[in-house]
Amino acid sequence: MYRPVSVYIGLRYLRANRRNHFISFISLTSIAGLTLGVMVMILVLSVLNGFHQELRERILGMVPHAIIHSYQGPIEHWKPLAAELEKSPDVVATAPYTSGQGMLSFQGAVRGVMVNGILPSEEARVSIVDQHMKAGSIDDLKPGEFGIVLGDLVARSLGARVGDRITLLLPEASVSLGGVFPRMKRFTVVGIFSVGAELDASLTAIHIEDAGKVFGLKGKVEGIRLKFKDLFEAPYNSRALAENLPGQYYAIDWTRTQGNLFQAIQLEKRMLGLLMLIIVAVAVFNIVSSLVMLVVDKQSDIAVLKTLGADRSTILKIFIILGSTIGFLGCSIGALLGIGASLVISDFVAKVEELFGIEFLSSDVYFISYFPSDLHVSDVLLVTCSAFAMSFIATLYPAYNASRTEPAEVLRYE
């Protein structure tokens, strides 16, 4: 099969002979460094994508995308308002919402929690809590029975199980002849949920009618919870809806409660991507050094080729093809290894944790308790194309120097 002389010689230089074992070793090192850089960069971006996805599906699946509040206080007739909001094509579902802070006490253990008043029949439309029930069901929350659903870490810290009666203490005081006492109410644990996030350590749910009695809302609700088709459009859409409603309403979206976490992950992805790109750049410099050494070693060969009629463009192509081949091999192998590592990293870390009895991510500290991974084809293409472009650019200077070799100067001492 016919091959141009520049392709033939460039590929031939990749193979070692008796005189240039060291240079071939440098070339292999360049390929290995580029492979490692590309693999690690794809793996890191996939893990960060996994954290981003978990943020969207778990935390933002539990907390409201947005809540519509009234400037006049609690909302009494929420059903007509919810029906009006659901007319918007951007709104998937609505549900009444009441929230307050408190402390749970059980057998001497105390835990600060956020208490959400929900309507079980509507909650499944706007939340994933019903999909992550570890025990019991949110349908067991009945009005007037004062049942409560606990996050898994809340239940574990209190030592409470389904059927136990626990005490909710509110940050409000009741004044009587005997003095000032905190407001307290006994609840029965009817369910425990676990979403594998920090919400397991702080979130609880009670029936919205019970919440109205506990928080003194007298049958009213604090706001209307909204779920949007695109949660990233929630800030704009929620404000627009609130402004167009008859009456005085305002919206609070998820970016005010969880936005810092989301922005932190986005920033980490950019910064770690930049750091990984620097690792790739270091591997690319190895290509430059190996080509420079090869040009010096092949001075006599270049002179002979020019004497036989090879022009500067042919010599230039030889070393560009050589360097590009090194870059292509490193990027291709790195991409394949990175894809494979991204697909198995979650199971691998889980096996290591199980084998050695350690926990890399604790739900008490991090918002999830395992290593997620979400491989994006766009990330793979971006990384490999960027690495190959850098490796191609790295070949230009050594190839240019090789093309400037003067046969007379080199062969004078041969």
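The values are calculated or read from the model by the stated rules, or taken from the named source; none is laboratory data. None of these values were measured; they are calculated from a predicted model. Cβ placement follows ideal geometry from the backbone for every residue including glycine, while neighbour counts extend to all protein chains displayed.
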* To do: Pairs only if they're at least six apart or on different chains, beta carbon under 6 angstrom, first in region 201-222 and touching a residue at least 60 places away in the same chain (Cβ under 8 Å) and more than 19 Å from Leu81 (Cβ to Cβ), second in a loop (DSSP other than H, G, I, E, B) and not aliphatic (A, V, I, L, M); list them, first residue then second.
  => His207/Pro143; Asp210/Phe146
* Determine which member of the set Leu169, Leu150, Leu85 is touching a Leu at 6+ places or on another chain (Cβ under 8 Å) and within 24 Å of Lys229 (Cα to Cα). => Leu85
* Evaluate region 279-287: report whether one residue or more is of a type outside the set (A, V, I, L, M, F, W, C) and farther than 30 Å from Pro74 by Cα. => yes
* Identify, by number, the condition in (1) part of a loop (DSSP other than H, G, I, E, B); (2) without any contact (Cβ under 8 Å) to a residue 12 or more places away in the chain that Ala310 doesn't meet. => (2)
* To do: Name every residue in region 127-139 that is surrounded by fewer than 22 Cβ atoms within 10 Å (Cβ to Cβ) and either polar (S, T, N, Q) or in contact with a strand residue (DSSP E or B) (Cβ under 7 Å, 6 or more places away or on another chain) (or both), in order of residue number.
  => Gln131, His132, Met133, Lys134, Ala135, Gly136, Ser137
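Could you tell me which of the residues Leu291, Leu275 is free of Cβ contacts under 8 Å to residues at least 40 places away in the same chain and either of a type in the set (Phe, Trp, Tyr) or outside the structural domain of Ser70 (by TED's automatic domain parsing) (or both)?
Details: Leu291 fails: free of Cβ contacts under 8 Å to residues at least 40 places away in the same chain.
Of Leu291, Leu275, the one residue that is free of Cβ contacts under 8 Å to residues at least 40 places away in the same chain and either of a type in the set (Phe, Trp, Tyr) or outside the structural domain of Ser70 (by TED's automatic domain parsing) (or both) is Leu275.
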* Which condition number in (1) surrounded by 13 or more Cβ atoms within 10 Å (Cβ to Cβ); (2) under 22 Å from Val284 (Cα atoms) is the one that Leu381 fails? -> (1)
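How many residues, within region 118-170, are part of a strand (DSSP E or B), under 21 Å from Thr94 (Cβ atoms) and at pLDDT below 90? Step through it out loud before you land on a result.
Initial filter on region 118-170 (part of a strand (DSSP E or B)): 118, 133-136, 147-151, 165-170.
Still in the running and under 21 Å from Thr94 (Cβ atoms): 118, 149.
Right, trim to at pLDDT below 90 and you get 118.
The total comes to 1.
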* Asked: Restricting the first residue to region 24-48 and requiring it to be closer than 29 Å to Leu267 by Cα, which pairs with a second residue that is in a helix (DSSP H, G or I) and among the hydroxyl-bearing types (Ser, Thr, Tyr) meet a Cβ separation below 7 Å and a spacing of at least six or different chains?
  -> Leu34/Ser391; Val38/Thr384; Ile42/Ser342; Leu43/Ser342; Ser46/Ser342
